[in-house]
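**Q** There's a structure below that I have some questions on.
Computed from the coordinates by the stated procedures, all read-outs in this text should not be read as laboratory data. Source: prediction; values computed, not measured. Every residue, glycine among them, receives a Cβ derived from its backbone with ideal geometry; neighbour counts consider all protein chains shown.
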Amino acid sequence: MAPVIFAAQKCPDITTQILHTGQHLELAEEMFKHFRLEPDFDLAVMQPNQSLFQLTSRITEGIGEIVSRNEYDMIFVQGDTTSAFLGALSGFYQKVPVGHIEAGLRTQNRYSPFPEEINRRLVTPLASLHFAPTERARQMLLKEGTLEQSIFVTGNTVIDALHWSLQRKLSAPKEFADIFAADGRLILVTTHRRENFGEPHRQVFSALLELVEKFADVRILFPIHPNPKVRDEAARLLNNHPRIHLTAPLGYQVFIMAMQRCHLIMSDSGGVQEEAPSLNKPVLVLRESTERPEGLETGALKLVGTDRQKIIASASELLCDQTAYTRMADAVNPYGDGRAGERIIEAASNYLS
C-alpha cells in the first residue's frame, strides 16, 4: 500500500489515514519504518492461537468502529487477506466506495490458498473500483460480470515498492551479511500458507534436508513464519543441519537483500512470485495452484506443490542445468513497471470528482 499512499500524498486535495490491524507487529513496525510511514489506527487484534472466527470478529469490530465515526470518501483494501475482505465489508456497510488493489487474481480453487481465495472473491462485489495488476486479472473480473468501466489495469504496487526500495541504501545485520557472503549457492525458502500446515510442510522440509545432502555447496536460508504451526515443525526437522539457517522473519530490507544474493527461491508467497522476476531469480512455487499464472506463462515461476520428490527434482534441475536456470532467471516480469500507485490514485480521483 505504500506506493498508493505516496501517490496520494503528492495530491494537495487528498488526506490519507492508515489503519493497521495489529497483526505481525514486529514485521509491520519494520515495514512502517522502512517506508517512513506511521499508522493512524492500530486495532491490536492479535491473540495467541486465535481461530479465524475470533480474528474475523475482532477485525470487524475494530474497523467498524473507526469507519462509523469518521467520514471517508473512499476506502482502499489490498489483496486477499481477511482484513482486506472485512475492510471492504465495512465500507459497504457505511456506503463508502471501496477500491480493491490487486483485484481479479483467482486460482478457481476455493480452498487454495485458504482462506485467501474466498477473501479475494468476496471483495469483488463489494468494491466500486477494481485495480487489476494484469490484463489476465481484468479478463477474470469481466468474466465474473464486473463492470468494465470499474476495472483499471495498473500493474502491482509490490513492484513499485521494490523499485523504491532498491533506490535506497540497503544494509543487513552482521548475521545475515555473513550468510550472504559465505561460499556456495544459497536457496531462500519461505512457507506459511494455512493449506500447507502439517504433512505438506513436512514434505517440504524433508526435501530441503535431502537437497543439502545431495549438493555439498548448497545452503538454505529459511526465515520461519511466526505461526507456531510452521515454526515448531521446521525447528524440529531442520534445526540441526549446519547449512540450513533458520531465522526469525526477515525485515523487508534484509529480505530484498536475501532475494538479491540467493541462487533461487522456494516459496508459497504471492508477493515473492511477483518480486523475484524483477531480480532475475527463479521461483519454485510451493503450492498446488497459483493465482499468478502470468509468471508460469513467462517461465519465471514453476509450480512444484509440496511433494518431496517433485521439489527435489525441480530444484536439482536448476542446480545442475545452467540452460534451465537461465531460462527462468531471464524471463520477463509481467507484474508491472513501478507506476501502479500513480495510476490507482488517478483513477480514484477521477471517480470521486
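**Q** List the residues of segment 291-331 whose backbone N lies under 20 Å from a point placed 7 Å from the Cα of residue 241 along the Cα-to-Cβ direction.
**A** Those under the cut-off are 304-321.
**Q** Name the residue farthest towards the positive end of the dipole of segment 191-336 from the options 323, 201, 244, assuming +1 on Cβ of Lys and Arg, -1 on Cβ of Asp and Glu, about the Cα centre.
**A** After comparing all options, I get 244.
**Q** Further, regarding this structure: On a C-alpha basis, how far is the centre of segment 1-50 from the centre of segment 138-159 in Å? Whole number, if you could?
**A** One Cα centre to the other: 24 Å.
**Q** Take the chain, mark every one of the trypsin sites (Lys or Arg not before Pro) that falls in a DSSP loop and has at most 15 other Cβ within 10 Å, then report the longest stretch left between them, sites excluded.
**A** The reported range is 170-353.
**Q** Select from 300, 311, 278 the residue farthest towards the positive end of the dipole of segment 174-329; place +1 on Cβ of Lys and Arg, -1 on Cβ of Asp and Glu, and compute about the Cα centre.
**A** 311
**Q** Give a residue-ordered list of calculated ³J(HN,Hα) values for segment 331-344 (Karplus: 6.51 cos²θ - 1.76 cosθ + 1.60, θ = phi - 60°; whole Hz; x for Gly, Pro).
**A** Values per residue, Gly and Pro as x: 5, 6, 7, x, 9, x, 10, x, 10, 5, x, 4, 5, 5 Hz.
**Q** Which angle between 0 and 90 degrees, to the nearest 10, do you get for helix 199-214 versus the longest principal axis of the chain when only C-alpha atoms count?
**A** Around 40 degrees separate the two axes.
**Q** With +1 on the Cβ of every Lys and Arg and -1 on the Cβ of every Asp and Glu, and nothing else charged, how large is the dipole of segment 174-329 about its Cα centre, in debye rounded to the nearest 20?
**A** Computed about the Cα centre, the dipole is about 240 debye.
**Q** Let me ask something else. Give me the distance between the Cα centres of segment 191-246 and segment 287-353, rounded to whole Å.
**A** 22
**Q** If the cut-off is a Cα-Cα distance under 30 Å, which lysines reach residue 10, setting aside same-chain residues fewer than 8 apart in sequence?
**A** 33, 95, 169
**Q** Same structure, new question: Helix 308-320: angle to the longest alpha-carbon principal axis of the chain, degrees 0 to 90, nearest 10?
**A** On a 0 to 90 degree scale, this one is about 80.
**Q** Related question: Taking the Cα centre as origin and putting +1 on Lys and Arg beta-carbons and -1 on Asp and Glu beta-carbons, what dipole magnitude results for the chain, to the nearest 20 debye?
**A** Dipole of the chain, to the nearest 20 debye: 460 debye.
**Q** In nanometres, what is the gap between the two model label sites at residue 280 and residue 171, each 7 Å from Cα along Cα-to-Cβ?
**A** The modelled label-to-label distance comes out at 2.8 nm.
**Q** Cα gyration tensor of segment 174-329, axes a ≥ b ≥ c as square roots of the eigenvalues: rounded (a/c below 1.5), prolate (a/b > b/c) or oblate?
**A** rounded
**Q** Can you give me the long-range amide H partners of residue 303? Hydrogens built in the peptide plane at 1.01 Å from N, cutoff under 5 Å, separation of 5 or more residues or another chain.
**A** 285
**Q** What is the extension gain from residue 320 to residue 248, computed as 0.36 nm multiplied by their sequence separation minus the C-alpha to C-alpha distance, in nm to one decimal? Please list the in-between numbers first.
**A** Details: separation 72, 0.36 × 72 = 25.92 nm, distance 3.00 nm.
Extending this stretch completely gives an extra 22.9 nm.
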